[in-house]
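Below is one structure; the comments refer to it alone.
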Amino acid sequence: MVAALVHHAQRLARRCWRQLVWLSGDAEQCQSLAQALWQAHPWSAPLWVGGEHLSPRKARTRLGAEHQLVVLDTHRTGFDPEALGVLAGTLTAGGLLVLLTPQPWGESPDPDYARFADHPWHWSELSCHYLARLARQLQASSQVVRWRADQTLYLPRLPVRKADEAESGDSDCLTSDQAYAVTQLVGLKRRRPLVITADRGRGKSAALGIACARLLTHKAQRVVLTAPRLSAVESVFERVAALCPDGRRVATGHFVLAEGSELIFLPPDVLTEQVNAQQQGGDGSYLMVDEAAAIPSALLGQWLAVFPRIAFATTVHGYEGSGRGFALRFRATLDRLTPQWKALTLSAPIRWRSGDPLEALVNQLLLLKAPLPSAQTAGRAGATKVIDRARLAHQDAMLEKLFGLLVQSHYRTSPNDLRQLLDSPGAQLRMIEQAGEPQAVLVTREEGGFEATLANQVARGERRPQGHLLAQSLATHAGSRGALTARWRRVVRIATHPERRRQGLGQTLLGEDMDAAKQQGAALYGATFGAEASLLRFWLALGFTPVRLGITRETSTGEFAVMVAKALNSEGEVVLAELSERFLAALPGLLAFELKALPAAVLVVLLAQMPSMPLSDREWQDIEDVTTAHRDPALARSALQALARIASHRALTETQQQAHQQLSAWAFQNIALADAHNDAVKSLRLAVNSLIEVK
């Protein structure tokens, strides 16, 4: 059987394809057969993941590597969906990905479920709809080599090989569309950004590296590179190092050529801070953004305004983020700021040829190409309904559409999310469906309900049970024991079809789910998200109250995280009152120090939550002295803060809104309105004058 499988791999190599081998049975038998296969052929860089070897959770460290044989052993550690997605991308032509599982598989959860078994659940108590679905699809697929440890080997027929791809015409590039992408990147024009999208394995990051090397050699003194994390752009630095052997990597995120030009990596939060401080951007500057789908559109738009030459690259599907959702969200920003932007797609795979059985299978198993459902604009949407997850796991078409809806609406989606969707304890799905097509979906989880002793230990930092993100965060950071003893329902995801947005579907979902949560005994309803002004206004308009604001930017998104809550009964009202009081009491001090970088657009939304008292005669006198005389504004800061709070409760013109943001940022965060002191004071006086009439 081993010899037959090696021969099958050689046939795959002639087609430049790869395939998955499902080896199931007793752990020792499976491992023995896999070792025999390992030793039967001189595989290039074989890799064993699981058991006593590389942990599946460290599979991401293999991104950029190339292997001809990968063994993924799930017997001891369980099945890690993300590991499968990552490892499939490292397999080269003629390669085999050998998946070792128990037999039968999918009838009970495995140890990897411990990652989302929230307190007080044990992983063995969870459902296993996800694993059962995988087992069904592997058994039914014609693209899988099925190998039972105690039975014979099933080898699927391979179709006729397609014609080879055309040569790229560029010695550094492996495909013609990669070569075209490099040409476009090197020739970036002012105010004409390039947006590159690609499936995994298309050489997107390598194209960025080749282009950076050529730019630094011939055009640019510095190229700035950003991505959600440094590991995502390791292949960019590797390509630059290979093409510029005289240069050296002086730090993990910094490469300097012999001539002095440099490639520097800045995470999104640091890049944003430097842009705000005017330390990055300006004439002649270049910015390359990799995995742009995992970065909020607001930040991308901010960078777009200061870097004249900029490129955005992202993976269309998979663990790096959803490029499809990115395109939908960011297109409006591009059209407004740089209408001459250009889109480019990499289609040809680098390490294998089109028609590859493994890529098609992994896309199916992990729903990496989950389709967006059809928008139903005719007629009214029906009532919401709760989805039975056991049934959903057997409804492949509906599951794909629901997951596709979630993927395009959220910039951080991973293969693990599908498993949690089907098997996470305390999770619930609610949907609005029309003509058989999901138009909006809400995913929630139950939190809290801790007994008093454990809640006290968590608040004191002595215990940290798994899960309960919102409730535990409020207990840990705000010291609220009641936030843990009360029962919560937390919004995990909410997604509306892009063509059905601003039609009240999300509001309907939330309203009906809050009614149901109240009837089921929940005391509070909450959500956590990146602090963006329009999103925060949406939640506040629904009656939610901000209860916590992170004091540092999320490294991967560059945003501050905000938590909001709404009471559903009298117990919730008591807890919410305490949380709100603590939050508002701490806010002014945080704004002056830890939250000095909070965007002014978010700040003015939060100011409307603070109590506002009418200005006294003395405060009006202080304000008048600033605007009409020569009083130093710093000596009237308290009066100007009071004016900013009052203005946050008034309807303002567009000009006044801008003035309000300027005044608030100066009054609470001490952000000057200009570099020169006299210019800054003049601008501040103009802003105050614009707001005086709101009294």
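Here are some residues: R631, R637, R553, R582. Which one is assigned to a helix (DSSP H, G or I), within 30 Å of D679 (Cβ to Cβ) and either in contact with a strand residue (DSSP E or B) (Cβ under 6 Å, 6 or more places away or on another chain) or basic (K, R) (or both)?
Answer to the selection: R637.
Do we have A294 as in contact (Cβ under 8 Å) with a residue 40 or more places away in the chain, touching a Gly at 6+ places or on another chain (Cβ under 6 Å) and buried (at least 23 other Cβ atoms within 10 Å of the Cβ) here?
In short, yes.
State whether the residues of segment 51-74 include one that is hydroxyl-bearing (S, T, Y) and without any contact (Cβ under 8 Å) to a residue 60 or more places away in the chain.
Yes; the residues of segment 51-74 include at least one that is hydroxyl-bearing (S, T, Y) and without any contact (Cβ under 8 Å) to a residue 60 or more places away in the chain.
Restricting to segment 364-377, name every residue that is within 19 Å of the chain's Cα centre (by Cα) and closer than 18 Å to D80 by Cβ.
Those that are within 19 Å of the chain's Cα centre (by Cα) and closer than 18 Å to D80 by Cβ: L366, L367, L368.
When the residues of segment 568-584 are filtered to those that are in contact with a helix residue (DSSP H, G or I) (Cβ under 7 Å, 6 or more places away or on another chain) and crowded, with 21+ Cβ neighbours inside 10 Å, which remaining residue is farthest from N670 (Cα to Cα)?
Applying the filter and picking the extreme gives L568.
R553 - would you say it is under 28 Å from S297 (Cβ atoms), at pLDDT below 95 and buried (at least 20 other Cβ atoms within 10 Å of the Cβ)?
Answer is yes for this residue.
Can you list the helices (runs of 4 or more DSSP H) found entirely within segment 327-411 that contain at least 2 residues being modelled with pLDDT under 95?
In segment 327-411, 357-366, 396-409 are the helices (runs of 4 or more DSSP H) which contain 2 or more residues that are modelled with pLDDT under 95.
List the residue pairs whose Cβ atoms are under 6 Å apart, where the first residue sits in segment 659-681 and is surrounded by fewer than 19 Cβ atoms within 10 Å (Cβ to Cβ), the second is among the hydrophobic types (A, V, I, L, M, F, W, C) and in a loop (DSSP other than H, G, I, E, B), and the two are 6 or more positions apart or on different chains.
Final answer for the pair search is A680/A672; A680/L673; A680/A674.
Tell me yes or no: at least one residue of segment 83-105 is part of a helix (DSSP H, G or I) and surrounded by fewer than 16 Cβ atoms within 10 Å (Cβ to Cβ).
Looking through segment 83-105, none of the residues is part of a helix (DSSP H, G or I) and surrounded by fewer than 16 Cβ atoms within 10 Å (Cβ to Cβ).
Counting only residues that are small (G, A, S), under 20 Å from L590 (Cα atoms) and either assigned to a helix (DSSP H, G or I) or assigned by TED's automatic domain parsing to the domain that holds L540 (or both), how many does segment 640-678 have?
5
Quick one: what pairs do we get from segment 160-182, first residue farther than 15 Å from L243 by Cβ and modelled with pLDDT under 95, second of a type in the set (V, I, T) and not in a helix (DSSP H, G or I), C-beta under 8 Å, 6+ apart or different chains?
Sorted first by the residue in segment 160-182, then by its partner, the pairs are E165/T175; S168/T175; T175/I350; D177/T345.
Restricting to segment 585-628, give me the number of residues that are surrounded by fewer than 16 Cβ atoms within 10 Å (Cβ to Cβ), in a helix (DSSP H, G or I) and of a type in the set (G, A, S).
The number of residues fulfilling the criteria is 3.
Looking at E238, E273, E262, which is the one that is over 30 Å from V362 (Cβ atoms), surrounded by fewer than 17 Cβ atoms within 10 Å (Cβ to Cβ) and touching a residue at least 12 places away in the same chain (Cβ under 8 Å)?
Answer to the selection: E273.
Does any residue in segment 370-399 that is touching a residue at least 40 places away in the same chain (Cβ under 8 Å) come within less than 7 Å, Cβ to Cβ, of a residue that is exposed (fewer than 13 other Cβ atoms within 10 Å of the Cβ) and part of a loop (DSSP other than H, G, I, E, B) six or more places away or on a different chain, and which pairs are these?
Every condition considered, the pairs that remain are Q376/A435.
Only one of (1) in a loop (DSSP other than H, G, I, E, B); (2) of a type in the set (K, R); (3) more than 20 Å from W488 (Cβ to Cβ) fails for R419. Which number is that?
(1)
Quick check, is R380 outside the structural domain of Q507 (by TED's automatic domain parsing) and over 29 Å from E82 (Cβ atoms)?
Yes, satisfied.
Okay, residues lined up against (1) hydrophobic (A, V, I, L, M, F, W, C); (2) part of a helix (DSSP H, G or I); (3) more than 20 Å from the chain's Cα centre (by Cα):
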{"position": "T197", "(1), (2), (3)": "no, no, no"}
{"position": "I210", "(1), (2), (3)": "yes, yes, yes"}
{"position": "V223", "(1), (2), (3)": "yes, no, yes"}
{"position": "S231", "(1), (2), (3)": "no, yes, no"}
{"position": "V236", "(1), (2), (3)": "yes, yes, yes"}
{"position": "A242", "(1), (2), (3)": "yes, yes, yes"}
{"position": "A258", "(1), (2), (3)": "yes, no, yes"}
{"position": "L263", "(1), (2), (3)": "yes, no, yes"}
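Given G89, G85, G106, which one is of a type in the set (G, A, S) and under 23 Å from A149 (Cα atoms)?
G106 is the lone residue from the list that is of a type in the set (G, A, S) and under 23 Å from A149 (Cα atoms).
What is the residue count in segment 188-235 for residues that are β-branched (V, I, T), modelled with pLDDT of 95 or more and crowded, with 20+ Cβ neighbours inside 10 Å?
Residues meeting the conditions: 4.
Can G301 be described as within 25 Å of L595 (Cβ to Cβ), of a type in the set (G, A, S), touching a Leu at 6+ places or on another chain (Cβ under 9 Å) and at pLDDT 90 or above?
Judged against the criteria, G301 is not a match.
The values are calculated or read from the model by the stated rules, or taken from the named source; none is laboratory data. Note that this is a predicted model, so its numbers are computed, not measured. Quick reminder, even Gly has a Cβ in these numbers, built from the backbone with ideal geometry, and neighbours come from all protein chains shown.
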